[in-house]
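Have a look at the structure below before the remarks.
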Amino acid sequence: MTFSTRDLSPRIGTEIQADIDTLLSGKHAAEIRDILEQRGVVVFKEVHMSDEQQLAFTGTLGNVIDEGEKGVYKVTLDTKENPQADYLKGAFFWHIDGTTLDVPILASILRAKKLSETGGDTEFSNTYAAYEDLSEEDKAKYDNLKVVHSLENAQQYVHPEPSYETMQMWRRVPSNTLPLVWKHKSGRNSLVLGSTAAYVEGMEYQAGRELLVKLRDYATQPQFVYRHKWNVGDLVIWDNTGTMHRATRYPLDSGRMMHRTKLAGEESFSG
Ligand code: SIN
């Protein structure tokens with residue numbers, strides 16, 4: 001049985017070295033959950049799990065969301081492999097999953113099956129660390145702000161000139177008003193930002209848009225970001241409640257294929 005850890009940068013990301021049997025035993029599940037919350041991203045380099053093992057490992061960490069084929073979802077831009085591939089182009093922009101829900105997913109677990117020859121890294125930003133480094137004055141300023149999030153806002157990044165029908169389709173997903181500062185039950189705070197963030201409620205529209213862009217730039221500075229350069233067989237978990245993420249550009253026909261499992265959310269944005 002092996003289990004050791006190594007931080008990948010001062011503010012975000014820890015690598016865990018462990019064999020598959022150790023991970024599947026669940027013996028270290030509580031410790032992995034703790035590292036995930038503290039460090040935002042947990043990396044298992046070239047661990048080479050099967051789909052079944054990935055699913056079983058996910059189950060040791062919490063409640064698995066049933067999506068894709070038997071709980072494993074194919075993240076790919078190949079429409080033959082995934083009919084929702086077009087929607088996944090939104091992954092090229094900083095985002096948090098599930099901002100149109102009151103309880104977003106806790107975490108995603110992504111495993112590299114096939115890589116793109118160019119691009120296709122995944123970047124993560126620690127939104128707890130970004131909040132913690134704000135001045136006391138800014139913390140007070142942002143404390144009670146509310147931001148309206150929508151699928152439409154995120155999809156506009158991908159399709160800046162949508163047809164009327166497409167726009168109506170996006171709007172079928174109701175927008176959601178969320179606190180800018182997520183006050184978690186743990187007592188820690190994180191920022192809720194990303195491509196779904198459309199405007200700040202009660203603030204002049206342009207001023208609100210500027211604030212959201214300024215804060216996104218701030219929260220994605222190098223000290224808060226870990227960029228994962230994938231090898232086949234790597235498995236990466238990120239805490240969706242304390243990070244934003246995005247994929248770096250890769251060609252649509254690259255064949256890049258990642259297998260994803262998800263952990264159900266345990267806390268609403270209102271803490
Ligand atoms: C995602 O946004 O969930 C996918 C990230 C990736 O494909 O690297």
Would you please classify the overall shape of the stretch 112-182 from the alpha carbon gyration tensor, given that a ≥ b ≥ c denote the square roots of the eigenvalues, rounded means a/c under 1.5, and beyond that prolate means a/b larger than b/c while oblate covers the rest? oblate
What value does the stretch 101-152 have for Rg/Rh, both radii from Cα atoms and Rh as Kirkwood defines it? 1.10
Estimated FRET transfer efficiency when R0 is 30 angstrom, pair residue 267-residue 50 (beta carbons, to 0.05): 0.45
222 nm [θ] for the chain, helices only, -39500 (n - 2.57) per DSSP H run of 4+, per residue, to 500? -7500 deg cm²/dmol
Could you calculate, for the stretch 44-200, the ratio of the Cα radius of gyration to the Kirkwood radius, expressed as Rg to Rh? 0.98
Potential lengthening between residue 9 and residue 183 on full extension [0.36 nm per residue; Cα-Cα distance subtracted]: 60.2 nm
If R₀ is 35 angstrom, what is the calculated FRET efficiency for the pair residue 252 and residue 218, using the beta carbon separation as r and rounding to 0.05? 0.70
Mean projection of the alpha-carbon convex hull of the chain over all orientations, in nm²? 14.2 nm²
How much length is gained if the chain between residue 103 and residue 210 is pulled fully straight, taking 0.36 nm per residue apart and subtracting their Cα-Cα distance, in nm to one decimal? 35.9 nm
Kirkwood Rh in Å, taken over the stretch 204-271 so that all alpha-carbon pairs contribute: 15.5 Å
Over 24 Å apart: what share of the alpha carbon pairs of the stretch 116-271 falls there, rounded to a whole percent? 42 percent
Mark the label point 7 Å from the Cα of residue 88 along Cα→Cβ and return the residues of the stretch 105-125 whose backbone N is within less than 12 Å of it. 111-116
Build a GNM of the chain with springs between Cα atoms under 10 Å: which of 73, 205, 131 gets the top mean-square fluctuation? 205
Connecting C-alpha atoms closer than 10 Å in a GNM of the chain, tell me which of 126, 176, 240 has the biggest fluctuation. 176
According to the Kirkwood expression over distinct Cα-Cα pairs, how big is the hydrodynamic radius of the stretch 159-251, in Å? 16.3 Å
Hey, could you pull the Cα Rg and Dmax for the stretch 13-68, both in Å? 11.1, 29
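Any read-out appearing in this document is the output of simple, stated calculations on the displayed coordinates, not a laboratory observation. The structure displayed is predicted, hence computed values, not measured ones. Cβ sites come from the backbone with ideal geometry, for glycine too, and all protein chains shown count toward neighbours.
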